[in-house]
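The numbers here are math on the coordinates, done by the rules we state, and not lab data. Keep in mind that this is a model prediction, so the values were computed, not measured. Positions of Cβ are generated from backbone atoms using ideal geometry, with glycine treated the same way; all protein chains shown enter the neighbour counts.
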Amino acid sequence: MSRNDTQKVILITGTSSGFGLLAAARLSAQGHFVYATMRDLKKQQPLLDEVARRGGQVEVRALDVTQPATIAKVLEDIKTRHGHLDVVVNNAGYGLGGFFEDLTDEEIRRQMEVNFFGVQNVCRQVVPLMRQRRKGHIINISSIAGVTATACLGAYNASKWALEGFSESLFYEVSQFGVKVVLVEPGSYPTRIFTDNACYGKNYHDPQSPYYTYSQRLKKLVHDHVQKSKKDPEDVARLIERIIATPNPKLRYISDFSSRVRVMIGHVLPPELYEFIFRKVVYGNKPNAV
């Protein structure tokens, strides 16, 4: 890509692994100026290796979405060097597993602090820059968990549903200033969120919990599903790339066909039938489980 108007200045949060890492590597290989941020810079090597493999170059910065001062520092660097920001990809986040009774108040609040308030912290500082320039893309990485809920992911569902509502509202608020807000809603992909980065409430594995049998069954179901999945996480990076190149993108994009089908089924089937299928899959043959 030549140094022209197609080259974007892009800020991505949560780039130490998963979608953020792949998006940073892909976009940098296309010649964009990518500021790849993460909370812990000790985890940057996998990103640097992937970027080098693709022949790109990124600026790695420390940024914790729950600490506004770290956001301001990175944005000040960007403004000093470029004078503007074209795209922000709010990818930082994690999934917390656990039935509601097994989760502590602190665990649930931390989930919301990162996945929801963290995005708001970034947007609060980014929107004025883009509004003044009357141009920019804000891409918020949500999930189909923000569209359809399931058991044992109540805190994660809540954080993504909140993100969906906030993003839709922001979409209408800033579109008049030329700023585009987009939600990307991936399904489950074989990334480290289900392995090294998997996060469970501290009572998730407590045999004394009334939900223990079901939490362990769900954990195995998810593990087996992800292990068998043929979906390529690069799909999400490709989608982000297409959105950035689209002057007037849609508000919502589901990244894969199977997830679109799941969401459609949830909207079309009668609630009683959907519940029956869910219980059969999750709880086995026990009709009155939990």
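Is one or more of the residues making up the stretch 118-127 more than 23 Å from K231 (Cβ to Cβ) and under 13 Å from the mean Cα position of the chain (by Cα)? Spell out how you get there, then give the answer.
Restricting attention to the stretch 118-127, the residues satisfying the condition of being more than 23 Å from K231 (Cβ to Cβ) are 118-127.
When the remaining residues are screened for being under 13 Å from the mean Cα position of the chain (by Cα), the result is 118-119.
Yes, there is a match, as at least one residue in the stretch 118-127 is more than 23 Å from K231 (Cβ to Cβ) and under 13 Å from the mean Cα position of the chain (by Cα).
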Determine the pairs where a residue that is closer than 15 Å to V281 by Cβ, located within the stretch 204-226, has a partner that is outside any helix (DSSP H, G or I) and among the β-branched types (V, I, T) with Cβ atoms under 8 Å apart, the partner being 6 or more residues away or on another chain.
-> Y214/V290
Does any residue of the stretch 103-111 turn out to be touching a strand residue (DSSP E or B) at 6+ places or on another chain (Cβ under 6 Å) and of a type in the set (K, R)?
-> no
Search the stretch 236-258 for residues that are in contact (Cβ under 8 Å) with a residue 12 or more places away in the chain and pair each with any residue that is in a helix (DSSP H, G or I) and of a type in the set (D, E) when their beta-carbon atoms are under 8 Å apart and the residues are at least 6 apart or on different chains.
-> L251/E168; S255/D235; D256/D235
Can you name every residue in the stretch 132-180 that is touching a residue at least 60 places away in the same chain (Cβ under 8 Å), aliphatic (A, V, I, L, M) and in a helix (DSSP H, G or I)?
-> I144
Subset of the stretch 231-290 [closer than 26 Å to K219 by Cβ, among the basic types (K, R) and part of a helix (DSSP H, G or I)] | R260, R262, R279, K280
So L63, is it under 30 Å from A151 (Cα atoms), in contact (Cβ under 8 Å) with a residue 12 or more places away in the chain and buried (at least 18 other Cβ atoms within 10 Å of the Cβ) = no
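For the subset of the stretch 20-45 comprising residues that are more than 24 Å from R110 (Cβ to Cβ) and within 19 Å of the chain's Cα centre (by Cα), which member is surrounded by the most Cβ atoms within 10 Å (Cβ to Cβ)?
A24
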Yes/no for M112 being assigned to a helix (DSSP H, G or I) and touching a His at 6+ places or on another chain (Cβ under 9 Å) | no
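Criterion first (touching a Gly at 6+ places or on another chain (Cβ under 8 Å) and under 17 Å from I139 (Cα atoms)) does A29 satisfy it?
Details: touching a Gly at 6+ places or on another chain (Cβ under 8 Å): yes; under 17 Å from I139 (Cα atoms): no.
For A29, the condition - touching a Gly at 6+ places or on another chain (Cβ under 8 Å) and under 17 Å from I139 (Cα atoms) - is not met.
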Counting only residues that are touching a Phe, Trp or Tyr at 6+ places or on another chain (Cβ under 8 Å) and basic (K, R), how many does the stretch 56-110 have?
-> 1
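Which members of the stretch 207-230 meet the condition of being in a loop (DSSP other than H, G, I, E, B) and either within 27 Å of N91 (Cβ to Cβ) or in contact with an Asp or Glu (Cβ under 7 Å, 6 or more places away or on another chain) (or both)?
In the first step, residues of the stretch 207-230 are kept if they are in a loop (DSSP other than H, G, I, E, B); the result is 207-211, 229-230.
Within the stretch 207-230, S209, Y211, S229, K230 qualify.
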Filter the stretch 80-122 down to residues that are charged (D, E, K, R) and free of Cβ contacts under 8 Å to residues at least 24 places away in the same chain and give me whichever is surrounded by the most Cβ atoms within 10 Å (Cβ to Cβ).
-> R110
Boolean, S215 is of a type in the set (G, A, S), touching a helix residue (DSSP H, G or I) at 6+ places or on another chain (Cβ under 6 Å) and surrounded by 14 or more Cβ atoms within 10 Å (Cβ to Cβ) | no
Residue, farthest from V9 (Cα to Cα), within the stretch 61-80, restricted to residues that are among the charged types (D, E, K, R) and more than 20 Å from the chain's Cα centre (by Cα) = K73
